[in-house]
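Below: the structure, in structure tokens.
What follows is calculated from the coordinates using simple rules that are stated; it is not laboratory data. As the structure is a computational prediction, the values presented were derived from the model and not from experiment. Don't worry about glycine lacking a Cβ; one is built from the backbone with ideal geometry, like all the others, and counts go over all protein chains shown.
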There are 2 protein chains.
Amino acid sequence: MTRTDADFMSEAYDEARKSFDAGGLPIGAILVRGGEIIGRGHNQRVQKGDPILHGEMDCMRNAGRQKTYRDTVMYTTLSPCMMCTGTILQFGIPRVVIGESRNFAGFQNVLTEAGVEVLDLDDPACTKLMGGFIAAHPALWNEDIGE
Amino acid sequence: MTRTDADFMSEAYDEARKSFDAGGLPIGAILVRGGEIIGRGHNQRVQKGDPILHGEMDCMRNAGRQKTYRDTVMYTTLSPCMMCTGTILQFGIPRVVIGESRNFAGFQNVLTEAGVEVLDLDDPACTKLMGGFIAAHPALWNEDIGE
């Protein structure tokens, strides 16, 4: 049975929940190749005191060194920041599925102008989890996006 | 005594040498605030099997969470890739000093168009160290830049 984008987004959401439950920013990501998850991760800036560990970066790290990323899809619960956008471009990931962009618009135009296919699912669960965190922890959120 | 850009670049070069001596990509970076080094790092993709640990990223990680980066300068021995360019933009680092861009042009136009001040020192020592590594290990270099 072929897994859908919504299926994989639910896996990214599970990663976001792990961070939320640990007091961190609830953003999760999954890297998929040929229907198989080859990496998963979540924002660990608070948990590990590591400023570069956004969800997408933690996912890339956990996937390890790959010969190519041109056959992969990145699923992330929140529209990527410029660090993660640059990373997607640098590694040549051709497709990005986003949980939501209501809480953070990100730089989808930078991705699409570089030829990356972007799908925004506008998922209510991702939006609610992130929105709740931002309302409760505005300082952590502002630090996360460099403001 | 005020330290010069060349002084700080020699510190970034020392970081690059650490990676070279360990069999990794010889790219180093230093983050400076008010004349003081607050972070240093080097490419550790090979050493740690971590695809995101370019020199600049390792430096950002080691600097830890900062309230702001708007008063910092990034020194890096090689012109930054798109991941590191996105990271510099995301964190709002206003000035980047580059050792050389002969071995990799990078995306200096993306930085300057976003208002970042970029200075390319065209340093012979940085150029020689990197050029020698690329000639000896072309596969590792191509993987590093996602090709």
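Things worth noting here:
- Options A:GLY55, A:GLY24, A:GLY86, A:GLY28: the member that is within 17 Å of A:PHE133 (Cα to Cα) and free of Cβ contacts under 8 Å to residues at least 24 places away in the same chain: A:GLY24
- Positions within the stretch B:107-147 being part of a strand (DSSP E or B) and either without any contact (Cβ under 8 Å) to a residue 60 or more places away in the chain or crowded, with 18+ Cβ neighbours inside 10 Å (or both), in sequence order: B:GLU117, B:VAL118, B:ASP120
- Checked against the criterion of being farther than 18 Å from A:MET83 by Cα, in contact with an Asp or Glu (Cβ under 8 Å, 6 or more places away or on another chain) and touching a residue at least 60 places away in the same chain (Cβ under 8 Å), the stretch B:90-103 has at least one qualifying residue.
- Of the helices (runs of 4 or more DSSP H) lying entirely inside the stretch B:1-106, those containing at least 3 residues that are within 13 Å of the chain's Cα centre (by Cα) and either surrounded by 23 or more Cβ atoms within 10 Å (Cβ to Cβ) or away from chain A (no Cβ under 13 Å) (or both) span B:5-21, B:55-63, B:82-91.
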